[in-house]
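K.L.:
Pasting a structure below so you can have a look.
Each value in this text was obtained by applying a stated rule to the coordinates, not by laboratory testing. These numbers were taken from a predicted model, which means no experiment stands behind them. Cβ: placed from backbone, ideal geometry, glycine included. Neighbour counts: every protein chain shown.
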Amino acid sequence: MTRKITANLYMTIDGRGEFPKYPGWDLPTGDRDEPDEFFRQMWTNRYDDVTTVIMGRRSFVGHRNTHSEKNRKPNDPKFMFEYSRFLDRVDKVCLSHRLKNLDWENSRLMKGDLATIIRKLKAEKGGNIIAEGGPRLIHEFIRRDLADDYWFLVMPVVYGRGPRYWWPLGEQRTLKLLSVSAMKYGELVLHYAPVRTPR
Ligand SMILES: NC(=O)c1ccc[n+]([C@@H]2O[C@H](COP(=O)([O-])OP(=O)(O)OC[C@H]3O[C@@H](n4cnc5c(N)ncnc54)[C@H](OP(=O)(O)O)[C@@H]3O)[C@@H](O)[C@H]2O)c1
């Protein structure tokens, strides 16, 4: 079975990779012990099939410092502890030229050409793969058509600052909408697959 690669994007309406304030912003994953629909679609539903998570250096360090189980806050919702246990146990690929110590179990460093890295990962044994940011890395996935599908969480804010997702691409990328749902606080969850035209 080929390992499917999904890229996750979290962005404002103007394409900035930030988590801004909006109604419910401080409860981005729900105000209860159960994950909301967005979190279920992007994570909880995938705990059984995903065995590798790829992150750029900044995102890796951010996730390690916030989402590893040892860094969870006691009052965090139960499902966030489950998320941490999932992240702790999966194979984590940190892309970096300069980081030396990853300091997170089941992590490894890779570097170089992204398409070559993806080819290597796809040839390894394992389940599916999620590319979890940051924006620059995901932009490269889209520019070079390297993911099999994309989950976008679009937050209802025009923000005007923060890391950009979108830069010149060279040629357009066309995506096919697989599903769309609106969340409680106005976020949109968009699921797309690339449309590949024969060359
Ligand atoms: N899901 C998320 O993680 C997420 C979502 C939304 C927003 N954000 C925000 O976005 C920011 C981080 O995103 P970002 O786009 O600036 O950074 P990033 O993609 O997380 O990290 C960029 C770094 O990854 C390394 N890298 C990427 N491709 C590589 C390759 N092929 N080979 C070797 N190294 C490679 C480089 O690190 P070296 O310099 O070490 O070589 C590069 O500087 C943070 O502020 C975060 O809060 C993150």
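K.L.:
Taking every eigenvalue of the Cα gyration tensor of segment 106-174, multiplying by 5 and rooting it, what semi-axes result, largest first, whole Å?
P.N.:
Rounded to whole Å, the semi-axes are 25, 15, 12.
K.L.:
Tell me which residues come under 5 Å, amide H to amide H, from Leu175 once H is placed; ignore anything under 5 positions away on its chain.
P.N.:
Under 5 Å from the amide H of Leu175 lie the amide H atoms of Val195, each far enough along the sequence or on another chain.
K.L.:
Please list, or write none, the lysines whose alpha carbon is within less than 19 Å of the alpha carbon of Lys122, excluding same-chain residues fewer than 8 places away.
P.N.:
Hits, sequence-local ones excluded: Lys4, Lys92, Lys111.
K.L.:
I've got another one for you. Sort 120-127, 81-88, 158-165, 53-60 by packing, meaning the average of other beta carbons within 10 Å per residue, with the highest value first.
P.N.:
Answer by packing, highest mean first, reads 53-60, 81-88, 158-165, 120-127.
K.L.:
Before rounding to the nearest 500, sum -39500 (n - 2.57) across all DSSP H runs of length at least 4 in the chain and divide by the residue total; then give [θ] at 222 nm in deg cm²/dmol.
P.N.:
After summing the helix terms and dividing by the residues of the chain, the value is -7000 deg cm²/dmol.
K.L.:
If I take R0 = 35 Å and measure r between the Cβ atoms of Asn101 and Met1 in this structure, what FRET efficiency does the formula 1/(1 + (r/R0)^6) give, to the nearest 0.05?
P.N.:
Rounded to the nearest 0.05, the efficiency is 0.55.
K.L.:
Each residue of segment 162-178 in order: what ³J(HN,Hα) in whole Hz does its phi give by Karplus 6.51 cos²θ - 1.76 cosθ + 1.60, θ = phi - 60°, with x for Gly and Pro?
P.N.:
Values, residue by residue: x, x, 8, 8, 10, 9, x, 10, x, 9, 5, 10, 10, 10, 9, 6, 9 Hz.
K.L.:
Can you give the extra length, in nm with one decimal, that the chain gains between Arg40 and Arg144 once fully stretched, where that is 0.36 nm per residue apart less the Cα-Cα distance?
P.N.:
Taking 0.36 nm per residue and subtracting the Cα distance, the gain is 34.7 nm.
K.L.:
Here's another thing I want to ask about it. Once fully extended, how much extra length lies between Asn75 and Leu177, figured as 0.36 nm per residue of separation less the alpha-carbon to alpha-carbon distance?
P.N.:
33.0 nm
K.L.:
Note down the net charge around Pro135, summing +1 for each Lys or Arg and -1 for each Asp or Glu among other residues with Cβ under 14 Å from its Cβ. Please list the in-between numbers first.
P.N.:
Details: positive: Arg16, Arg57, Arg58, Arg136, Arg143, Arg161, Arg164; negative: Asp14, Glu18, Glu132, Glu140.
In short, +3.
K.L.:
Return the Rg/Rh ratio of the chain with Cα-based radii and a Kirkwood Rh.
P.N.:
Here Rg/Rh amounts to 0.94.
K.L.:
Same structure, new question: Within a Cβ distance under 15 Å of Gly160, other residues only, what is the Lys/Arg minus Asp/Glu net charge? Walk me through the numbers on the way to the answer.
P.N.:
Values: positive: Arg16, Lys21, Arg161, Arg164; negative: Asp14, Glu18.
Value of the local net charge: +2.
K.L.:
To continue, here is another question. Work through the residues other than His97 whose Cβ is under 12 Å from its Cβ and net out their charges, Lys, Arg +1 and Asp, Glu -1.
P.N.:
Net local charge, His97 excluded: +4.
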